[in-house]
Amino acid sequence: MSVDTIIFAEGKPRLARGVRLRHSEAQGGWVLLAPERIFECDAVAAEVLKRCTGEASFGQIVDDLATIYDAPREQIAGDVEALLASLAEKRLVEVSDA
Amino acid sequence: MLDPGPLLPPPSGLLAELTHRCPLGCPYCSNPLALEPKSVELDTLAWVRVMHEASALGVLHVHLSGGEPAARRDLEEIVRAASGAGLYTNLITSGIGLTPVRLDALKEAGLDHIQISVQDAEQGSADRIAGYAGAFRRKQKLAADVVARCFPLTVNAVIHRANIGRVADIVELALEMGAGRIEIAHAQYYGWALKNRAALMPSRAQVEVAVAEVERLRAVHRGRIVIDSVAPDYHARYPKPCMGGWGRRSLNVTPAGRALPCHAAESIPGLDFWSVAEHSLEDIWRHSPAFNAFRGEAWMREPCRSCERRGQDFGGCRCQAFLLTGDARAADPVCHLSPNHERVAALAAVGEDEPYLHRA
Ligand code: SF4
Ligand code: SF4
């Protein structure tokens, strides 16, 4: 594990200020909402984002999802990291220091 | 009556024009010349119902606008209903009429985001454009109060001849105000703006400099502020896909309750707009004749009808097509393929610095 990943593993992701996750029946699923922006989430992304409250660490979120989906931890970690990195770049998610 | 059928996708945005009343008098205001008076405004309960219907229909964002929405005493109640219905609530304000006490109440009611307009980066010019002495300072003060309450803030600046040379200063001002996002919106010529077009229209050279400037600023400020821009379409080759296409993504409700496919739709004569006082929002979305008037492609004329971009820009803006050619089904004459494009080019030639007609 690289140093970067360790820092990330202990960081606590949360939705950025002004960003909201909601379910819309009419739109057919979960959406992440920011001013003037809409991101449609698939089921897995929604499960990740529901846990991005600033309380659980990246590592805890991965453990949790690995249990729920009964999938290898590394695979989940890779997916979650890719998702959060792309949302962080779009300023929809923030990752606090450990 | 034409029923678009079960495949009609739901709207994602609602522009709720709570009132046309506004303390400012911006000459670029896109409100209609015939403003709706307070006496015909929808009441609180009607707006509360509209918010619930909007959310059930699929709307995700509601933009509370006007006029100045803070001119309504029940703004907080309307926000509470919208937020409670699950909508993402964005308040679009001139900054006049909101106090710290009201901001606290709006926070508590669940307001998600605030957008403040600024007229210019220079105080004198800004107040002159707004037609309101002291507006500039009050907006600064409000922005500080907004940021102190952890609301995310967008600054919106409408760009025209009097401020087009100061785009970089305006972005700097937005950063000082604590905005995470700025909209550089080149004036759109509807309503009062159409009346003032000759005084507002910048030259092509000014527009080119401003567009390049925005690109440069985006690179300079990456990671500090998001810069969105509304293109100056009189100087473009192709039109914008207005509103993402007529009746495709969003709806607009006027202070009196008429549901429009876009803000300026009432400038097209002969359209039958339904009111939220008489129909549910879903009924309007699916069946209102005005919404169905320019859906699909059957209404199009040449050159749009056989153009390969028709699924991309939908022939541009219907209101602009009507205002500039007299035919709402024509190609938006901003398009260089339109037989009327010469007229736009002539209008885009800059006029004299005439005095503004301030919005009433
Ligand atoms: S554009 Fe200016 S005058 Fe028009 S509603 Fe907005 S603040 Fe008021
Ligand atoms: S001809 Fe019509 S569809 Fe084609 S680019 Fe011009 S406006 Fe768009």
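No lab work stands behind these numbers, since they all come straight from the coordinates. Remember, it's a predicted structure, so these values are computed and weren't measured experimentally. Quick reminder, even Gly has a Cβ in these numbers, built from the backbone with ideal geometry, and neighbours come from all protein chains shown.
Pull up all non-local amide H partners of B:SER229: gap of 5 or more, or a different chain, and H-to-H distance under 5 Å with H placed in the peptide plane.
HN-HN under 5 Å from B:SER229: B:ILE184.
Read phi for every residue in segment A:14-25 and hand back ³J(HN,Hα) as whole Hz from Karplus 6.51 cos²θ - 1.76 cosθ + 1.60, θ = phi - 60°, with x for Gly and Pro.
8, 5, 5, 4, x, 10, 9, 9, 8, 9, 10, 4
If you count the DSSP beta bridges with both ends in the protein assembly as shown, what percent of them are antiparallel, to the nearest 5? Display every interim value, and only then the final one.
Details: 18 of 51 bridges.
Rounded to the nearest five, the antiparallel share is 35 percent.
Under 5 Å between amide H atoms, partner at least 5 residues away or on a different chain: which partners does A:LEU21 have, H built in plane at 1.01 Å?
So A:LEU21 has HN proximity to A:LEU33.
In sequence order, what are the phi-derived ³J(HN,Hα) couplings for segment B:289-303 according to the Karplus relation 6.51 cos²θ - 1.76 cosθ + 1.60 with θ = phi - 60°, rounded to whole Hz, with x for glycine and proline?
Each residue's phi maps through the Karplus curve to give x, 5, 5, 7, 4, 10, 7, x, 10, 4, 7, 5, 10, 6, x Hz.
Which of rounded, prolate or oblate describes segment A:14-91 when judged by the alpha-carbon gyration tensor and an a/c cut-off of 1.5?
Values: a/c = 2.02, a/b = 1.49, b/c = 1.36.
Cα axes put segment A:14-91 in the prolate bin.
Inverting the mean 1/r over all pairs of different Cα atoms, compute the Kirkwood radius of segment B:39-78 and quote it in Å.
Its Kirkwood hydrodynamic radius stands at 11.0 Å.
Taking square-rooted eigenvalues a ≥ b ≥ c of the alpha carbon gyration tensor, is segment B:51-209 rounded, prolate or oblate, where a/c under 1.5 means rounded and, failing that, a/b exceeding b/c means prolate?
On the way: a/c = 2.04, a/b = 1.59, b/c = 1.28.
Prolate, since a/c reaches 1.5 and a/b exceeds b/c.
Based on the inverse mean of 1/r over its pairs of different Cα atoms, what is the Kirkwood hydrodynamic radius of the protein assembly as shown, in Å?
Numbers: mean 1/r = 0.0426 Å⁻¹.
Roughly 23.5 Å, rounded to one decimal.
List every residue whose amide H lies under 5 Å from the amide H of A:VAL93, counting only residues 5 or more places away in sequence or on a different chain, with H placed 1.01 Å from N in the peptide plane.
Residues meeting the criterion, in which the H sits 1.01 Å from N, are A:ALA16, A:ALA88.
So for the pair A:ARG22, B:SER306, with labels modelled 7 Å out along Cα→Cβ, what separation do we get in nm?
Simple spin-label model gives 4.6 nm for this pair.
Tell me the volume per residue, in Å³, of the convex hull enclosing the alpha carbons of segment B:57-143.
On the way: hull volume 8.2 nm³, N = 87.
For segment B:57-143, the hull spanned by Cα atoms encloses 94 Å³ per residue.
What size of dipole, in debye to the nearest 20, comes out for the protein assembly as shown about its Cα centre when the only charges are +1 on Lys and Arg C-beta atoms and -1 on Asp and Glu C-beta atoms? Please list the in-between numbers first.
Working: 50 positive and 58 negative charges, 204 e Å.
Taking the Cα centre of the protein assembly as shown as origin, the dipole is about 980 debye.
Dipole magnitude of segment B:177-240 about its Cα centre, charges +1 at Lys/Arg Cβ and -1 at Asp/Glu Cβ only, in debye to the nearest 20? Intermediate values should be presented prior to the final figure.
Values: 10 positive and 6 negative charges, 8 e Å.
So the magnitude is around 40 debye.
Determine the calculated [θ] at 222 nm for chain A from helices alone, applying -39500 (n - 2.57) to every DSSP H run no shorter than 4 residues and normalising by the residue count; nearest 500 deg cm²/dmol.
Working: 4 runs with 45 residues, N = 98.
It lands at -14000 deg cm²/dmol.
Along each of the three principal axes of the Cα atoms of segment B:226-360, give the extent in whole Å, ordering the values from largest to smallest.
Largest to smallest, the principal-axis extents are 45, 43, 37 Å.
Taking only C-alpha pairs under 8 Å that are 6+ residues apart, what is the relative contact order of segment A:14-91 in percent? Display every interim value, and only then the final one.
Values: 69 pairs, mean separation 17.2, N = 78.
RCO, segment A:14-91: 22 percent.
When only DSSP loop residues count, what trypsin sites (Lys or Arg not before Pro) in segment B:46-82 have their Cβ near at most 14 other Cβ atoms within 10 Å? Numbers along the way, then the final one.
Numbers: sites: B:ARG49, B:ARG72, B:ARG73, B:ARG80; in loops: B:ARG72, B:ARG73.
Loop-located and lightly packed - B:ARG73.
For segment A:14-91, what is the charge dipole size about the Cα centre, in debye to the nearest 20, if Lys and Arg each add +1 at the Cβ and Asp and Glu each add -1 at the Cβ? Kindly include the intermediate steps, with their values, before the conclusion.
Values: 10 positive and 13 negative charges, 101 e Å.
For this selection, approximately 480 debye.
Cross-link list A:LYS50/A:LYS90; B:LYS139/B:LYS240; A:LYS90/B:LYS107; A:LYS12/A:LYS90; A:LYS90/B:LYS141: which exceed 22 angstrom alpha carbon to alpha carbon? Walk me through the intermediate numbers first.
Details: A:LYS50/A:LYS90 18 Å; B:LYS139/B:LYS240 31 Å; A:LYS90/B:LYS107 25 Å; A:LYS12/A:LYS90 17 Å; A:LYS90/B:LYS141 29 Å.
Result: B:LYS139/B:LYS240; A:LYS90/B:LYS107; A:LYS90/B:LYS141 exceed 22 Å.
Which of the three applies to chain B, rounded, prolate or oblate, going by the alpha-carbon gyration tensor with a ≥ b ≥ c and a/c under 1.5 meaning rounded?
Working: a/c = 1.61, a/b = 1.05, b/c = 1.53.
Oblate, since a/c reaches 1.5 and b/c is not below a/b.
Among A:ALA88, A:ALA77, A:ALA46, whose Cα projects farthest towards the positive end of the dipole of segment A:14-91, with charges put on the beta-carbon of Lys, Arg (+1) and Asp, Glu (-1)?
With unit charges placed on the Cβ atoms, the residue in question is A:ALA88.
Note down the relative contact order for segment A:48-98 as a percent, whole number, built from C-alpha pairs under 8 angstrom at least six residues apart.
On the way: 21 pairs, mean separation 16.4, N = 51.
Result for segment A:48-98 is 32 percent.
Using +1 at the C-beta of Lys and Arg and -1 at the C-beta of Asp and Glu, which of A:SER24, B:MET300, B:HIS341 has the Cα lying farthest in the positive direction of the dipole of the protein assembly as shown?
B:HIS341
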